[in-house]
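Notes follow once the structure below has been shown.
The values are calculated or read from the model by the stated rules, or taken from the named source; none is laboratory data. Just so it is clear, the structure is predicted and the values come from calculations on it, not from any experiment. As a convention, Cβ positions derive from the backbone with ideal geometry for all residues, glycine included, and neighbour counts pool all protein chains shown. Heads up: the accessible areas ignore ligands, DNA and RNA and are worked out on the full protein's heavy atoms, side chains in. Shrake-Rupley method; radii C 1.70, N 1.55, O 1.52, S 1.80 Å.
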Amino acid sequence: QGLERKNLISPVLQDLQIMYTNEDILNYFIRIHNEAKKEVIYVTQVRYCSFNSEPDERTLHSLMNNLVNLLKRGISVKIIYPDSHYLNFFSRIASCIQDDDNRQLYYDLVEIRVFNTEHNFILVDKTTCIFEPEDQRDLARPYAMIRIRDAILNSQLRGVFQELWENAIPLGNE
């Protein structure tokens, strides 16, 4: 009796992005943000950040503008990032989003907390999960971004996020 092959749907290639440059990462973030309808949650581990070097001013400016555009669209953003001098761009993004003008306009939409964690994922709305597998040649850098559309996994990761969030220190109180 032969084995019956299940007709499983294989992941679409657009859900995998190999990272070669900071530009690749930025463009991937922009695509993710453009798909968001309600919220984007970032949890970044202490070991590394997405960018393979400190982003140049243009990349940083583009990312900041893109995050502010999320807020302008009424999409909530929650970020947990580690207290690490290697992740200067997170504190620069946080200070941009939380500068006086943006804080007044988007106070209810953006929350940023600091916490050292081994977790590293992004959640978009209720179904999308994004992971960054490390480059095995240099564990301080991601090699790819993988998007998984799975409401159950998203819900489980929200539980992990909520626990981390409760232990994280609100930005400005660290």
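Evaluate E = 1/(1 + (r/R0)^6) for ARG73 and ASP138, where r is the Cβ-Cβ distance and R0 equals 22 Å; express this FRET efficiency to the nearest 0.05.
0.05
Need one number: nm distance between label points at GLU35 and ILE152, each 7 Å from Cα along Cα→Cβ, rounded to one decimal.
My value for the distance between the label points is 2.0 nm.
By how many nm would the segment from ILE169 to ARG58 grow when fully extended, if each residue of separation counts as 0.36 nm and the alpha-carbon distance is taken off?
37.0 nm
What accessible surface, in Å², does a 1.4 Å probe find on GLU134, ignoring ligands, DNA and RNA and rounding to the nearest 10?
Estimated to the nearest 10 Å², GLU134 gives 50 Å².
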